[in-house]
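The values are calculated or read from the model by the stated rules, or taken from the named source; none is laboratory data. Quick caveat: nothing in here was measured; it's all calculated off a predicted structure. As a convention, Cβ positions derive from the backbone with ideal geometry for all residues, glycine included, and neighbour counts pool all protein chains shown. Side chains included, ligands, DNA and RNA excluded: accessible areas come from the protein's heavy atoms. Shrake-Rupley method; radii C 1.70, N 1.55, O 1.52, S 1.80 Å.
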Amino acid sequence: MLLEEECDVSAEVIKVLLVEDDASDAAGIRRMLEDSQNPVFCIEIVDQVQPGFGRLTSGGIDIVLLNLSLPDSQGLDTFTHFNTHFPYVPFVVLADTNDEDLAIRVVKDGAQDYFVKKDLNRAQLVRAIVYALQRNVASIRKQQTIARLEDLSETKSQFVAEASHELRTPLAIVREFVSLVHDEVVGPVVDKQKECLASAIRNCDRLTELINKMLDLAKIEAGRMELNRDKTDVSRLLKLCYEDFLPKTRARGQNLFYDIPDSLPAAYCDSNSVSNVLINLVGNACKFTPDGGTIRLGCQQEGQFLAVWVQDNGRGIPPEAKEKIFQAFYQFDRENGPGAKGTGLGLAIAKHLVELNGGYMSVDSEPGKGSKFSFMLPLYQKEAVYRILIVDDEEMIVRTVMRYLNGSKLNLDIKSTFSGLEGLIIAGQFNPDLVILDVNMVEVGGMKVLSLFREKMYQGCGKVLLMSGDENALKEYKEKGADDFLAKPFTSADLIKKLVSLLKIERRRR
């Protein structure tokens, strides 16, 4: 119900929506703001959540002063409902009592400030509103800047990908015709001409390699690099890499060895991308190791990972370059003229590929003594599939929970609904191992849904994890049939910890 709606004001006036059901508190706050001359405020007052939603939806409000205890909503859920639907509107919470835990949580969840109404004075309130508006403007500008930078990055990646793609065909044609002349298919050439043509072919190949790597990097940065991760025999990939490079190292008098245990567990990775990583690392070792030098390939199990390494006794990497060695296009100690050269993309791509396979890469090097590049790959473990059902009428909460679950790397089959009634229907068909259930739903309350879950036909639905912003109420609800509870707001780690505990999942080390 809209209690007061005042004045037609100029753009300089700050429009405040006060959500407060106590008439005397509302009048006191209204007087504080009306007494202010700089800035000038125009105050509108509502006494419940729903009319507050309606007023904010129509627009024109600069800031909301919000009481968390309302007839149609209580506690942290009040702020969560508003903030979820109106994330770009700044909120200052006005509480009846000094609850330090609640204050920390609402500010952490996005509120600009928290005050106890009985301790509030005009100067504090005005200052809080002004600072909240300034912080909100700064936050919006920051988000807009990040969005523009992301758009620019996407445009850059798209340009690199399209330009590289367009260059491949004419470059392939140039190389083919140069090769025809070099091989004397179209007529004889003298030795000097052959040398020039051979140089042109080599540089065409180098340019083709650069284009292919730029395309790979653009795919990775754009999130379009597709991997087929499965049970993989890494020792076989190492032996194939060893056999491929053996002729090249022998030609330079280099010593190539591999150290692989007789029995290694399988890794969970994409075999093609791991082969590309090995080719890059061994190729670099050959390139930067002098004639007569030594290169070693190795692999061993370390906990729930396979550790793979390529070690050489070449020139090594200076300390100042180790932090930059995995950056795209970075090349330390580059020399013009003859000598070892590269594109500066190989290590950047290799590191990305290892990370896409769930591992990480590192380097240990000392100038004059060589380098050791290592990367870890997770072991293959056949995991059970766990069925998860999310029931919450807040779309943003459902999307957040799904994002957290999908990012957990657990083997989950996830379904969701915004309706408690539909949740009951899905549960009867889906037979979930865990139901993540919101307590405060408009259509059918979470406690009613919980009681039905625990009745006859839903007895096999597994565990129930309750969610709410009121932690004290959650503790009471747990006694009525829930297996555990999770207070809002929560982090990804909070949710996954509860899930792992309830389902007794033995998680892989990552």
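Here are the numbers:
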| quantity | calculated |
| --- | --- |
| Condition broken by K117, with the remaining ones in (1) open to solvent by 80 Å² or more (accessible area, probe 1.4 Å); (2) modelled with pLDDT of 85 or more satisfied | (1) |
| Top-ranked residue of segment 423-433 - restricted to ones that are part of a helix (DSSP H, G or I) and touching a residue at least 24 places away in the same chain (Cβ under 8 Å), ranked as nearest to G358 (Cα to Cα) | F430 |
| Of all residues in segment 261-299 being of a type in the set (V, I, T) and in contact (Cβ under 8 Å) with a residue 40 or more places away in the chain, the one that is nearest to N212 (Cα to Cα) | V277 |
| Elements of type strands (runs of 3 or more DSSP E) in segment 339-416, at least 1 residues being open to solvent by 30 Å² or more (accessible area, probe 1.4 Å), of a type outside the set (K, R) and under 30 Å from A427 (Cβ atoms) | 386-391 |
| Positions within segment 99-154 being among the small types (G, A, S) and part of a loop (DSSP other than H, G, I, E, B), in sequence order | G110, A111 |
| E150 vs. criteria surrounded by 11 or more Cβ atoms within 10 Å (Cβ to Cβ) and modelled with pLDDT under 85 | no |
| Wholly within segment 1-98, strands (runs of 3 or more DSSP E) carrying at least 1 residues that are at pLDDT 85 or above and either buried (at least 20 other Cβ atoms within 10 Å of the Cβ) or β-branched (V, I, T) (or both) | 14-19, 41-46, 63-66, 91-95 |
| Single residue of segment 463-507 satisfying the filter (in contact with an Asp or Glu (Cβ under 8 Å, 6 or more places away or on another chain) and open to solvent by 30 Å² or more (accessible area, probe 1.4 Å)) that is modelled with the highest pLDDT | K498 |
